[in-house]
Amino acid sequence: MHLLLTDRLSCPRCGPAFGLILLAHQLADRRVQSGVLGCPNCRDSFPVNSGFVDLRAPPRGDLPEGHAGMEPQRPSSVDVERVVALLGILQGPGTVAALGVAAAFAAPMAEAVEDLMVVAVDPDTKAWPTHNGVTRMVAFPGLPFFDRTLRGAVVDGALGPALLYEACRCIAPMSRVVVLGATTDATRIIEEAGLSVLAAEDETVVATRG
């Protein structure tokens, strides 16, 4: 987990109004290898192990099966260029979330855009190798980010309306959400979240907060 990401994280139990405090046990190159994120409101704690962040509200238990796969399937350079173009991000700094199968774009996006920090959100990413530009995470029930703080989000449409709405909540003004494999109700959910749809074609939806 990148150290600077701590400033954008909120408690998954108490909601986006409550930030987290980091107690780092092991740091390397401004990345937290092990430690604990604590909420001063509910007093709950969330572990960071081998750089993987577990931000699930209790009861946690074992990790569920994810959507991303136990090994990252790197998309083609054409697909990476397309997603980066749809996000409209030419350079960093900034933080982008990649959810579900879209987590496969995390490392290529971090490599394509200088100073971009990408958060790959899916349980399966725990088994993925570390990458300097990527933070691997699991989150439940929502996304553990403050309102309107992300530079962008790439969302797996199969994750359902709740996480799509959450991604829209986290998007900063003038930033975009890209939905891959969008369902028929994606446009409605996006508009209910206060974003404007820029394009919708071939199960891909792009929206922005004006």
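Considering each residue of segment 9-25, count those that are buried (at least 16 other Cβ atoms within 10 Å of the Cβ), modelled with pLDDT under 95 and touching a strand residue (DSSP E or B) at 6+ places or on another chain (Cβ under 8 Å), and give that number.
The total comes to 3.
Of these, 162, 153, 139, 167, which one is among the small types (Gly, Ala, Ser) and without any contact (Cβ under 8 Å) to a residue 24 or more places away in the chain?
None of the others qualify; the one that does is 162.
So is residue 28 surrounded by fewer than 16 Cβ atoms within 10 Å (Cβ to Cβ) and outside the structural domain of residue 154 (by TED's automatic domain parsing) or not?
yes
Could you check segment 42-105 for strands (runs of 3 or more DSSP E) lying wholly inside it with 3 or more residues that are of a type in the set (A, V, I, L, M, F, W, C)?
Because the criterion is at least 3 residues that are of a type in the set (A, V, I, L, M, F, W, C), the strands (runs of 3 or more DSSP E) in segment 42-105 that meet it are 52-56, 94-99.
Under the condition of being out of contact with any Gly (no Cβ under 9 Å at 6 or more places or on another chain) and not aliphatic (A, V, I, L, M), which residue from segment 100-127 is surrounded by the most Cβ atoms within 10 Å (Cβ to Cβ)?
Checking each candidate, the answer is 105.
For residue 47, state whether it is out of contact with any helix residue (DSSP H, G or I) (no Cβ under 9 Å at 6 or more places or on another chain), free of Cβ contacts under 8 Å to residues at least 40 places away in the same chain and either among the basic types (Lys, Arg) or surrounded by fewer than 18 Cβ atoms within 10 Å (Cβ to Cβ) (or both).
yes
Anything in segment 139-194 that is farther than 24 Å from residue 90 by Cβ and among the β-branched types (Val, Ile, Thr)? List them, or say none.
Passing the criteria: 183, 184, 187, 189.
Do we have any residue at all in segment 164-180 that's surrounded by 15 or more Cβ atoms within 10 Å (Cβ to Cβ) and more than 21 Å from residue 120 (Cβ to Cβ)?
no
Can you pull out every residue in segment 31-44 that is surrounded by fewer than 13 Cβ atoms within 10 Å (Cβ to Cβ) and either assigned by TED's automatic domain parsing to the domain that holds residue 119 or not basic (Lys, Arg) (or both)?
40
Matching residues to (1) within 16 Å of residue 2 (Cα to Cα); (2) out of contact with any Pro (no Cβ under 9 Å at 6 or more places or on another chain); (3) of a type in the set (A, V, I, L, M):
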{"site": "134", "(1), (2), (3)": "yes, yes, yes"}
{"site": "141", "(1), (2), (3)": "no, no, no"}
{"site": "157", "(1), (2), (3)": "no, yes, no"}
{"site": "174", "(1), (2), (3)": "no, yes, yes"}
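The values are calculated or read from the model by the stated rules, or taken from the named source; none is laboratory data. This is a predicted model, so every value here is computed, not measured. No Cβ is skipped: glycine too gets one built from the backbone with ideal geometry, and neighbour counts run over all protein chains shown.
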